[in-house]
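Report on the following structure.
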Amino acid sequence: MKRKKFISKTIFSIIVILILLFIVSPMIAVVGASVSNTEYFQFPPTSFSLRWYKEAFQNREHINSLASSLKIAVCAMLAGDLLCIPACFALTRGSRKIIKKMQVLFMAPLFLPMIALGVGLMLWLAKLGIRGNFWTLVLAHVIVATPYYIRVVGTCLAEFDYGLVDAANSLGATPVKAFFYVTLPSIAPGIIVASMFGFMLSFSELIITLFISVSSLTTFPVRVYSSMVTEGLNPMILAYSTIIIIIVLIVSVLAEKFAHWSKYF
């Protein structure tokens, strides 16, 4: 019996490790190829060089597009906080029938193909006579991030004990004070996690941005996609990708340590 248990655990562990390697193998290939000295994709690298990182920091076009993506992502994150968090409060305090119907509407962008959403937004903006600009991109990215805000913050509010708010009110706290001193600290981890989702989704969004952006405003994913289409895979892109992977890993570790964000998946 013990032998069978050991064999089953060993097989299960091997399967898990193989699946994990399959998932992280693209990132390993990107990181490894970024330190190669060759002008084409090579993994494993035959020589070690930081040449492409140096070129990445000196390329003004990519740096400008990276700055544009960061600005849009920050604005989309803040707009998502201002628009979606009040919606989460309304959904958790409303009647059950209305909640279910509204949740389906809010979660719709999660199930709708991005290309269909991109075409729909492009046609809708054209109908209104609005050209793609910075703020249309921000609002489009908020639409994409909305289901994650509803899911994460809504879960926090569903688990929140509103009796604490009643207790604070009975002790003389105004509704505003009760919100900032009782409710907000309790759901802060969920807001942080949802904001991080909103930022990362906005920063990496490509398909919708291709449909509604203009040539004067090029985001980093669009710049990378365009350069790959015209020039092929430039190792400099791998250097940018490696930097982004490292930043995301650091943020993920910190988010798990301080906000326990794995429980929202």
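Rundown of residues vs (1) β-branched (Val, Ile, Thr); (2) at pLDDT 80 or above, yes/no style:
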position	(1), (2)
Leu78	no, yes
Leu83	no, yes
Leu91	no, no
Ile98	yes, no
Pro109	no, no
Name the residues in the stretch 203-223 that are free of Cβ contacts under 8 Å to residues at least 24 places away in the same chain and either farther than 25 Å from Trp52 by Cβ or buried (at least 18 other Cβ atoms within 10 Å of the Cβ) (or both), would you? Ser215, Ser216
Being in a loop (DSSP other than H, G, I, E, B), out of contact with any Lys or Arg (no Cβ under 7 Å at 6 or more places or on another chain), on the phi < 0 side of the Ramachandran plot and modelled with pLDDT under 80: is that true of Leu254 here? no
Please list, ordered by first then second residue, the pairs with beta carbon atoms under 8 Å, 6 or more apart or interchain, first in the stretch 137-151 and more than 17 Å from Ile115 (Cβ to Cβ) and hydrophobic (A, V, I, L, M, F, W, C), second surrounded by fewer than 22 Cβ atoms within 10 Å (Cβ to Cβ) and modelled with pLDDT of 85 or more. Val138/Cys75; Val138/Ala79; Leu139/Ala79; Val142/Ala79
Give the residue, chosen from Arg60, Arg131, that is more than 19 Å from the chain's Cα centre (by Cα), of a type in the set (Lys, Arg) and under 22 Å from Phe203 (Cβ atoms). Arg60
Residue selected from the stretch 36-55 under the condition part of a loop (DSSP other than H, G, I, E, B) and in contact (Cβ under 8 Å) with a residue 40 or more places away in the chain, by the criterion surrounded by the most Cβ atoms within 10 Å (Cβ to Cβ): Ser36
Only one of (1) in a helix (DSSP H, G or I); (2) surrounded by fewer than 14 Cβ atoms within 10 Å (Cβ to Cβ); (3) of a type in the set (A, V, I, L, M, F, W, C); (4) at pLDDT 75 or above does not apply to Phe6, and that is (4)
For the stretch 167-218, which residues satisfy the criterion of being part of a helix (DSSP H, G or I) and farther than 22 Å from Leu83 by Cα? Ala167, Ala168, Asn169, Ser170, Ile207, Leu210, Phe211
Within the stretch 109-134, residues being without any contact (Cβ under 8 Å) to a residue 12 or more places away in the chain and of a type outside the set (Lys, Arg) number 11
Yes or no: Met200 buried (at least 18 other Cβ atoms within 10 Å of the Cβ), more than 28 Å from Pro109 (Cα to Cα) and of a type outside the set (Lys, Arg)? no
For the stretch 123-163, which positions are surrounded by fewer than 14 Cβ atoms within 10 Å (Cβ to Cβ) and hydrophobic (A, V, I, L, M, F, W, C)? Leu123, Trp124, Ala126, Leu128, Ile130, Trp135, Ala158
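Per-residue answers, yes or no, for (1) assigned to a helix (DSSP H, G or I); (2) in contact with a Ser or Thr (Cβ under 6 Å, 6 or more places away or on another chain); (3) at pLDDT 80 or above; (4) of a type in the set (A, V, I, L, M, F, W, C):
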residue: Gln103; (1), (2), (3), (4): yes, no, no, no
residue: Trp124; (1), (2), (3), (4): yes, no, yes, yes
residue: Ala140; (1), (2), (3), (4): yes, no, yes, yes
residue: Gly154; (1), (2), (3), (4): yes, no, no, no
residue: Asp161; (1), (2), (3), (4): no, no, no, no
Does the stretch 52-71 hold any residues that are among the basic types (Lys, Arg) and touching a Ser or Thr at 6+ places or on another chain (Cβ under 9 Å), and which are they? none
Considering only the stretch 168-176, I want to know if a residue exists there that is without any contact (Cβ under 8 Å) to a residue 60 or more places away in the chain and among the β-branched types (Val, Ile, Thr). yes
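The values are calculated or read from the model by the stated rules, or taken from the named source; none is laboratory data. As the structure is a computational prediction, the values presented were derived from the model and not from experiment. Cβ coordinates were reconstructed from backbone atoms using ideal geometry, including for glycine residues, and neighbour counts include every protein chain displayed.
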